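Here the structure is laid out as structure tokens; the discussion comes afterwards.
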Amino acid sequence: MEAPVARFVEAYCNKNMARFHMPGHKGHVFFGCEPLDITEIPGADVLYHGDGIISESEKNAGILFGSGKTHYSAGGSTHCIKSMLAVLVMESQAGGGAQRRYLLAGRNVHRSMVDACALLDLDLEFVKSLRDGHLCSDVISPEELRAALDSRKGRLPLAVYITSPDYLGQLADVRGLAEACRDFGVPLVVDNAHGAYLHFLEEPCHPMDVGAAMCCDSAHKTLPALTGAAYLHIHREYLEQFEPYAKQALQVFGSTSPSYLILQSLDLCNVYLADKIRKKLSLVTALAAQAENELVEHGICIRPSEPLKIVIHAGAHGISGEETAQEMRRYQIECEYADDSFVVLMLSPETEERDFCRLLRWGKESRLRGSEPVHGYAGGQKAVLPERCMTIREAVFCENELIAPQEAVGRICAAETVSCPPAVPIAISGERISQEMAETFLHYGISKVSVVKRR
């Protein structure tokens, strides 16, 4: 597998040219990476109009992932999510129709998806799941989706949108959901930001393997790529339908100065995916399973999750996830995410055996080990389906004010207030804030909420 972008940049550095072009550091070393940080000089190709080395590298990625087409992003899955929704809008406009367009989704959407709805003037409706959910985790079953689509036969959504894997490591039945969508003639779009590696498991279960129309992957979350490196994949069966709009959509939401450092990391990642990932992934998933088993033997509650997450249910022991994360830092362990109930440890094929050794040393000495699990404890703040009073776009762009959560009950949410991680909105723009939502804001330490200003 070639790495044409990295090869070009290396050759350019070796020429020792006088750089009368951007960036302003001129290749002089301040942090260490500057010589490799270039711009769109002749031969370097252009991300959104590629017909050279970037285009070649994207084709390599598409082959590796088995997609119909793969596009690079230097703006993370946030960029890809907005672009996927723009593709849906562009394609739907080509077919005409005067009805307001909407997406049917799981409640645990990332805030970038809500932002995209505001910019594109899309409505959001949610599938009500019967499962005991959490703010970060709302897994919809194919049966629930079929029922939701069947009840909307007269006005089907533009697409069904789900998040899988979610922040707590839960995987949806993407194959079953894709089949349900296909039966109703609706595409399935997946926020697969946490699951770029899924295609390279012994049994591949990446959205492109199981029938999703489009998905985004954050390469930087589980692959050895720089922060901001991401993919937008289009399934081969939907290529004719969506590909004509992809580059235009990416350009609308992307920077005209994409980072060539990030593009090189995506390019070099292709070599890694071709030569190394399957062996490394097999090793790290085995180590993770072994570590989980040992933690369970120590009496620590582990929530079943995708292969590259270890989710510790600290709240089930009557101890918060935040306290547990602080305890872990004494063992030189930094987690991905912690709340009142859970600690999420995010792995990659580059997680080393010594990292698991530190985790197991913590497990042997943790407070969780000596505490009895609270029977039937669910924990966490659950997602709710409140009353919608305005469109997302209307609420986001209207005059707003910041008030305390206790004062926001009954008011309409303007800009969503959420931290990252997990970047899952408690209230979505245009929704009426309930007492339960206000309590959840306080629970997560949010002291001010943006609401529509009363006239």
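The values are calculated or read from the model by the stated rules, or taken from the named source; none is laboratory data. In this text, all values refer to a predicted model and were calculated from it rather than measured experimentally. Cβ: placed from backbone, ideal geometry, glycine included. Neighbour counts: every protein chain shown. Note: areas computed on protein heavy atoms with side chains; ligands, DNA, RNA excluded. Shrake-Rupley method; radii C 1.70, N 1.55, O 1.52, S 1.80 Å.
Condition check for Thr256 on (1) at pLDDT 95 or above; (2) in a loop (DSSP other than H, G, I, E, B): one failure, at (1).
With respect to being at pLDDT 95 or above and among the aliphatic types (A, V, I, L, M), Ala44 fits the description. Tallying residues that are open to solvent by 50 Å² or more (accessible area, probe 1.4 Å), within 17 Å of Asn60 (Cα to Cα) and part of a helix (DSSP H, G or I) within region 219-238 yields 1. Inclusion of Cys216 among residues that are open to solvent by less than 10 Å² (accessible area, probe 1.4 Å), closer than 26 Å to Val344 by Cα and of a type in the set (A, V, I, L, M, F, W, C) is warranted.
Taking the numbered list (1) aromatic (Phe, Trp, Tyr); (2) at pLDDT 85 or above; (3) farther than 30 Å from Leu120 by Cβ in turn, Tyr377 passes all entries but (2).
Among the residues in region 297-304, are any assigned to a helix (DSSP H, G or I) and farther than 24 Å from Leu223 by Cα? Yes; the residues of region 297-304 include at least one that is assigned to a helix (DSSP H, G or I) and farther than 24 Å from Leu223 by Cα. Entry remark, region 212-235: residues being out of contact with any strand residue (DSSP E or B) (no Cβ under 7 Å at 6 or more places or on another chain) and among the small types (Gly, Ala, Ser) number 3 in total.
Just one of Arg393, Arg354, Arg329 is open to solvent by 80 Å² or more (accessible area, probe 1.4 Å), at pLDDT 95 or above, under 28 Å from the mean Cα position of the chain (by Cα) and under 26 Å from Gly445 (Cα atoms); which is it? So the residue among Arg393, Arg354, Arg329 that is open to solvent by 80 Å² or more (accessible area, probe 1.4 Å), at pLDDT 95 or above, under 28 Å from the mean Cα position of the chain (by Cα) and under 26 Å from Gly445 (Cα atoms) is Arg329. Of all residue pairs spaced 6 or more apart or on separate chains, none has beta-carbon atoms under 7 Å together with a first member in region 194-211 that is on the phi > 0 side of the Ramachandran plot and in contact (Cβ under 8 Å) with a residue 12 or more places away in the chain and a second member that is among the hydroxyl-bearing types (Ser, Thr, Tyr) and assigned to a loop (DSSP other than H, G, I, E, B).
Taking region 49-152 and the helices (runs of 4 or more DSSP H) fully enclosed by it, the elements with 2 or more residues that are buried (at least 23 other Cβ atoms within 10 Å of the Cβ) are at 53-65, 76-94, 111-120. Is there a residue being assigned to a loop (DSSP other than H, G, I, E, B), modelled with pLDDT of 95 or more, touching a Ser or Thr at 6+ places or on another chain (Cβ under 7 Å) and surrounded by 15 or more Cβ atoms within 10 Å (Cβ to Cβ) anywhere in region 423-435? Scanning region 423-435 turns up at least one residue that is assigned to a loop (DSSP other than H, G, I, E, B), modelled with pLDDT of 95 or more, touching a Ser or Thr at 6+ places or on another chain (Cβ under 7 Å) and surrounded by 15 or more Cβ atoms within 10 Å (Cβ to Cβ).
Checking each residue in region 32-48 for being open to solvent by 30 Å² or more (accessible area, probe 1.4 Å) and without any contact (Cβ under 8 Å) to a residue 24 or more places away in the chain picks out Gly32, Pro35, Glu40, Pro42, Val46. For Ala289, indicate whether it is at pLDDT 95 or above and loosely packed, with under 15 Cβ neighbours inside 10 Å. Yes, satisfied. Val29 fulfils the conditions (1) surrounded by fewer than 18 Cβ atoms within 10 Å (Cβ to Cβ); (2) within 28 Å of Gly195 (Cβ to Cβ) except for a single criterion, (2).
Would you confirm, using the coordinates I've provided, whether His206 is under 15 Å from the mean Cα position of the chain (by Cα), open to solvent by 10 Å² or more (accessible area, probe 1.4 Å) and closer than 21 Å to Glu336 by Cβ? Against the criterion (under 15 Å from the mean Cα position of the chain (by Cα), open to solvent by 10 Å² or more (accessible area, probe 1.4 Å) and closer than 21 Å to Glu336 by Cβ), His206 does not qualify.
Here Leu295, Leu281, Leu250, Leu261 are screened, and the one residue that is farther than 17 Å from Gly50 by Cα and either open to solvent by 50 Å² or more (accessible area, probe 1.4 Å) or within 22 Å of the chain's Cα centre (by Cα) (or both) is Leu281. Quick check on Glu306: is it without any contact (Cβ under 8 Å) to a residue 40 or more places away in the chain and buried (at least 19 other Cβ atoms within 10 Å of the Cβ)? Judged against the criteria, Glu306 is not a match. Only a single item in (1) open to solvent by 70 Å² or more (accessible area, probe 1.4 Å); (2) part of a helix (DSSP H, G or I) is not met by Ala316, and it is number (1).
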